[in-house]
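Each value in this text was obtained by applying a stated rule to the coordinates, not by laboratory testing. This is a predicted model, so every value here is computed, not measured. Because the Cβ atoms are built from the backbone with ideal geometry, glycine has one as well, and the counts that use them run over all protein chains shown.
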Amino acid sequence: MSKSITFSTHVLDTATGSPAPDVPIVLEPRGGPALRGATDVDGRFRLAEALEPGDYELSFHLDGHFGSGPHLSDRVSLQLRLEGQRHYHVPLLISPFGFASYRGS
């Protein structure tokens, strides 16, 4: 089976109205090794390698972003099903007390 899926994300802090840099990201396929990275200064991360179709867990580690200030969660994890030949862009909107995600373009 040929690899045909690409992946990116963008983390934006809606409380400050700015990107969230240096957020560690882990994309883990079911039964496979985890792929790791971090957002750049613009809050963006793009996986360099292509992926196989399947189920993945995407985790954003937010403890460093929010620091010692009050916040709801140190980590947001999403269960993803990546299928077909396409690019998946999964942004995360965060604030100290909430988060939201969606499949972008």
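Footprinting exposure proxy ranking of 60, 66, 97, 7, fewest other C-beta atoms within 10 angstrom first, gives 97, 66, 7, 60.
Computed from label points 7 Å out along Cα-Cβ, the spacing between residue 18 and residue 100 is 2.3 nm. What's log10 of I(q)/I(0) for the stretch 6-101 at q = 0.19, 0.20 Å⁻¹, Debye sum over Cα points only, no solvent? For the requested q values the scattering log ratios are -0.86, -0.95. Computed from the Cβ-Cβ distance with R0 of 25 Å, the FRET efficiency linking residue 68 to residue 30 stands at 0.15.
Full extension of the segment from residue 78 to residue 57, taken as 0.36 nm per residue of separation minus the current Cα-Cα distance, would add 7.0 nm.
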